[in-house]
Amino acid sequence: MKGCLTCGLLNYLWCSLEDISCRLQDSNLLKFILAIGVALLVLFNVYTGFSLANRCDEGSNDGCANAGGDNCRRLRGSPESYNYDWDQGPHTWDTACNNQSPINIDMNCVEINYFDTPLIWSHYNSIPLGIRLENNGHTLILRAAFPERTPSIDGGDLLGRFDFREISFRWSWASSLGSEHTLDHHHSPLEMQCLHTDGDGCDGCSSSQGVLMISYMFDLSEHNPFLDVLIQHLAAVEQAGQVVEVPPFPLSYLMSPFYDKFYSYNGSLTEPPCHRGAEWLIYPESLAISERQLNEFRQLRDRRGSRIARNARPVQPIGDRMVYLNRYRTGF
């Protein structure tokens with residue numbers, strides 16, 4: 001009896017579904033439902049297409065960034081989107097797998113590159129209109145405005161002129177660490193990285209392929225008076241987000257021009273999104289910094305209020321890339 005009741009209910013449901021199907025076929029309701037379904041499907045496909053395009057643009061090496069402070073940030077990620085701790089540290093960054101920076105430079109495994117035109121350093125002795133220091137919560141950023149020509153570098157085997165944009169610094173609590181690049185696996189306690197962009201681009205516009213990074217290493221030594229023009233103002237930007245205008249000084253106080261016996265390789269920026277296509281020039285001779293001056297950098301704080309203990313990306317695999325030791329032919 002129970003089985004018959006179950007069969008009866010199933011037959012009733014089946015008949016009801018058939019009746020509804022027949023009614024839908026005889027009316028415009030089915031066409032309306034199908035039209036809505038097709039429209040939703042089209043909208044979903046369009047949305048998916050735009051989302052994928054945006055993701056590709058964000059990860060592309062060809063994104064364009066105008067010259068200037070705000071647009072330099074387009075080459076680098078938002079300071080709030082990453083850190084150097086366990087939660088958002090380098091092991092969590094979504095970056096390309098090859099041609100990344102920094103690297104270790106094995107001085108016994110470099111290829112000598114000779115060039116006939118020396119590097120040309122222009123306007124680095126000029127006095128800027130103003131210099132601004134900023135603690136962005138990860139590092140110290142120096143930007144400058146100039147009355148006429150922006151300092152630039154050309155010559156060597158560079159493909160064009162590269163204009164100065166900003167300077168940033170890498171350090172650690174331990175003097176045996178600090179720098180991002182290593183020479184024969186040796187870290188310097190401080191590395192200064194000078195960002196330049198293609199001066200011959202589209203009205204100051206530069207893609208990641210038009211980036212030149214010039215790196216200087218500082219080792220503990222005697223007091224360096226040229227650094228004092230910068231270090232004496234660090235207390236004003238101790239907290240993350242603080243900015244201060246400082247009396248202008250020539251960039252050559254910090255960036256010593258060099259012409260011979262420097263390393264170069266093709267890599268990336270070292271902050272997310274770590275765009276590839278950046279050319280690195282690394283001056284192998286270390287500059288001086290005293291323990292007291294280095295400790296002034298170590299007083300700067302991150303966005304959590306803690307002192308910045310480290311801000312260096314780990315060394316990346318060099319892969320099949322070549323590191324060059326550049327020599328000016330008439331320089332020896």
Requested in this report: Would you check if Leu158 is assigned to a loop (DSSP other than H, G, I, E, B) and more than 13 Å from Ser252 (Cα to Cα)?
Outcome: yes
Query - Spans of strands (runs of 3 or more DSSP E) in region 201-313 with at least 2 residues closer than 30 Å to Trp86 by Cβ and in the same structural domain as Asp157 (by TED's automatic domain parsing) - result: 211-220, 262-268, 276-289
Requested in this report: Determine whether Arg307 is touching a Phe, Trp or Tyr at 6+ places or on another chain (Cβ under 7 Å) and surrounded by fewer than 19 Cβ atoms within 10 Å (Cβ to Cβ).
Outcome: no
Query raised in the report: Is one or more of the residues making up region 106-118 part of a loop (DSSP other than H, G, I, E, B), crowded, with 16+ Cβ neighbours inside 10 Å and either of a type in the set (Asp, Glu) or modelled with pLDDT of 95 or more (or both)?
Result: yes
Requested in this report: Of the conditions (1) surrounded by fewer than 13 Cβ atoms within 10 Å (Cβ to Cβ); (2) within 30 Å of Ser81 (Cα to Cα); (3) not polar (S, T, N, Q), Arg132 clears all except one; give me its number.
Outcome: (1)
Query raised in the report: In the set Gln232, Gln239, which member is modelled with pLDDT of 95 or more, under 24 Å from Gly130 (Cβ atoms) and over 24 Å from the mean Cα position of the chain (by Cα)?
Result: Gln232
Requested in this report: Find all pairs meeting these conditions: Cβ atoms under 6 angstrom apart; at least six residues apart or on different chains; first residue within region 107-126 and closer than 22 Å to Leu183 by Cβ and in the same structural domain as Ser264 (by TED's automatic domain parsing); second residue of a type outside the set (Asp, Glu) and surrounded by fewer than 13 Cβ atoms within 10 Å (Cβ to Cβ).
Outcome: Glu111/Met322; Tyr114/Arg329
Requested in this report: Determine whether Glu191 is assigned to a loop (DSSP other than H, G, I, E, B), acidic (Asp, Glu) and modelled with pLDDT of 95 or more.
Outcome: no
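The values are calculated or read from the model by the stated rules, or taken from the named source; none is laboratory data. None of the values given here were measured: they were computed from a predicted structure. Don't worry about glycine lacking a Cβ; one is built from the backbone with ideal geometry, like all the others, and counts go over all protein chains shown.
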